[in-house]
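I have placed the structure first, in the form of structure tokens, so that the comments after it can refer back to it.
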Amino acid sequence: MRIFHCDHCDNLVFFENTHCLRCGHLLAFLPDLMEIGSLDPDRDGTWQSPHPAAGGRAYRLCANYSGSQVCNWAVTRAATTRCAKRANSPPPSPI
């Protein structure tokens, strides 16, 4: 199992975490980096990761993250609205 840490406070986080339990920052899986990264709000509803490898890229939360809270992936601004994991799946139906 891979170990991840929050970019802001270095707290241990797990793949399923959506927020750091120590500092409260939003977390998301960044598939272009294959890392869990913390996110800071940016302009136009996008997010920035302080991860050094992110290089200032802007991210958007997967539509299934922001709409239904069933995905923890972020996608680059230029990507589709849903992550590659869910791009071919229909949106989950509300319970």
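What to note about this one:
- Table column - 3J(HN,Hα) (Hz), segment 6-15, Karplus curve with 6.51, -1.76, 1.60, x for Gly and Pro: 5, 5, 8, 10, 6, 5, 4, 10, 10, 3
- P(r) for segment 4-76, from all Cα pairs and a bin width of 10 Å, is 23, 59, 19 %, short bins first.
- Spin-label pair His5/His19, simplified geometry with 7 Å Cα→Cβ offset, distance in nm: 2.3
- Highest average packing first - 44-52, 5-13, 67-75, Cβ atoms within 10 Å: 67-75, 5-13, 44-52
Since every read-out is calculated from the coordinates, none of them should be taken as a lab result. All figures in this text were calculated on a predicted structure; none of them were measured in a lab. Cβ atoms come from the backbone with ideal geometry, glycine included; neighbour counts cover every protein chain shown.
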